[in-house]
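What follows is a set of notes on a single structure, which appears directly below.
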Amino acid sequence: MQKKNIAILGSTGSIGTQALDVIRANKDLFTVEVLVGNSNADLLIKQAQEFLPNAVVIADETKYQQVKEALQPLDIKVFAGEKSVEQIVEMESIHLVLAAIVGYAGLASTLNAIKHKKHIALANKETLVVAGELVSKLAQENNVHIYPVDSEHSAIFQCLPGEGANEIEKIFLTASGGPFRGKTRKDLENVTKAQALKHPNWSMGAKITIDSASLMNKGLEVIEAKWLFDLKPQQIDVIVHPQSIIHSIVQFADGSMKAQMGLPDMKLPIQYAFTFPLRIKNNFPRFNFLDYPNLTFEKADTDTFLNLSLAYDALSKGGNMPCILNAANEVAVDAFLKDKIKFLQMSEVVLNTMQKSKHQTNLNYEGFVETDKSARIIAAEEVSKLKI
Ligand code: NDP
Ligand code: MG
């Protein structure tokens, strides 16, 4: 494999730091070309001192001076601000961009990277939820590959080589069910954010951990799968699998099913996105069947967790509806994390915002930006009505 220069957008986050673990273990294969963070200047500086990238961007401009001064002796270029995050991906020397910023904030940089013909390792699922059609079209026009990092989508992607033109009949995205699996709406009325932040199988950033507890994460993943694998909503099913060992399943025209399995560890899908189509050796812990004598499956409870149904609704309505769903969810999760609304009220905010927003189709990028903005205003009003 030719050595790859990688730009890591969101290097200070859960995915970003695990990506750096993968790179640290394979310095002969990868170079860190760019590091981007939001406001965690201390960690960003530490990462830059270790990996010596060509350039570093800190989105929070108030931290610019601190990062600049720390990295001056190392001759590393330092930039700050949202525009720099978007523009840094244009650097000629970058071969692959890891899109691991959380939320809508990751859209502009990913789109710009695609426009500049950079291949994408995609963790930021919100990019495809907000503007899947636009992103897929741009990727196609620019011959850009989008390698999924999300474990379920990586699983599907790993099941496809060798299948040629064989069509996918259906996919099954597995879901752990999160910390509240088996609970009723009554049980969930007063759950705290500390309870919601305790994921049974995965250690992740706060936003996706709340999304996992509310099943919005699986909803976002259904939409993400639609665009990654060009599927109809009816071809995408969700099955709860609490052990998180089977990461997802593809069913082909003859009924045969292929699954990808392994211990829950994001380093594996990150590594595969970096090395595809090759697999390289690593020392990640191996799965032992006898530690998991029972792999179990359940139906997803969409009466308790309304978000999954809302995401399917948004997907079938299409146009800007998934963008509205995403914006409302980002506002709702933020409000829940700030103790402004209760756990179950997050779905209320999303539903009401979807109902009150204007449904539009055939949008360009500016149309999605506008939709995101107005949906956030409506969602914030919904939050203030509910305020506890
Ligand atoms: P984290 O919250 O841990 O990290 C988010 C990263 O994005 C941080 O580096 C943060 O910087 C940076 N960031 C946030 N806002 C901005 C901004 N406006 N401009 C520039 N950088 C910004 O999230 P995760 O790593 O958990 O998740 C990242 C993405 O990957 C999400 O879309 C998530 O859905 C997806 N994903 C994550 C998985 C996981 O296991 N964690 C699994 C599958 C998908 P700072 O630290 O300085 O604030
Ligand atoms: Mg996932």
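Coordinate-derived values only; no laboratory data. Please read these numbers as outputs of a predicted model, since none were measured by experiment. Cβ: placed from backbone, ideal geometry, glycine included. Neighbour counts: every protein chain shown.
What to note about this one:
- Shape call, the stretch 38-104: gyration tensor on alpha carbons, a/c limit 1.5: oblate
- In terms of surrounding Cβ atoms within a 10 Å radius of their Cβ, 340, 83 rank from fewest to most as 83, 340.
- Within the stretch 288-320, the chymotrypsin sites (Phe, Trp or Tyr not before Pro) that combine a DSSP coil assignment with at most 14 other C-beta atoms in a 10 angstrom radius are 297.
- Contour minus Cα-Cα distance for residue 116 and residue 358 (0.36 nm per residue): 83.9 nm
- Each part reduced to its alpha carbon centroid, the stretch 83-137 and the stretch 3-25 end up 15 Å apart.
- A DSSP coil position with no more than 12 other Cβ atoms inside 10 Å describes the following GluC sites (Glu not before Pro) in the stretch 138-213: 163, 167, 189.
- The base-10 log of I(q)/I(0) for the chain, evaluated at q = 0.07 Å⁻¹, reads -0.30 [Debye formula, identical scatterers on Cα atoms, solvent excluded].
- As a rough guide to protection, the peptides 105-116, 317-328, 19-30 ranked by mean Cβ packing within 10 Å, highest first, stand as 317-328, 105-116, 19-30.
- Each Cα pair under 8 Å and six or more residues apart adds its sequence gap; the mean of these over the residue count of the chain is a relative contact order of 14 percent.
- Checking every one of the chymotrypsin sites (Phe, Trp or Tyr not before Pro) in the stretch 32-108 against DSSP loop status and a limit of 11 other Cβ atoms within 10 Å picks out no site at all.
- Cα gyration tensor shape for the stretch 171-214, rounded if a/c is under 1.5, else prolate or oblate: oblate
- For the listed peptides 206-212, 236-242, a ranking on the average number of other beta carbons within 10 Å per residue, highest first, reads 206-212, 236-242.
- Contour minus Cα-Cα distance for residue 194 and residue 284 (0.36 nm per residue): 29.5 nm
- Distance between the C-alpha centres of the stretch 326-363 and the stretch 187-205: 19 Å, rounded to the whole angstrom.
- Which listed pairs, of 267/373; 4/68; 317/338; 207/387, have C-alpha distances above 23 Å, in listed order: 267/373; 4/68; 317/338
- Cα gyration tensor, the stretch 4-148 - rounded (a/c under 1.5), prolate or oblate: prolate
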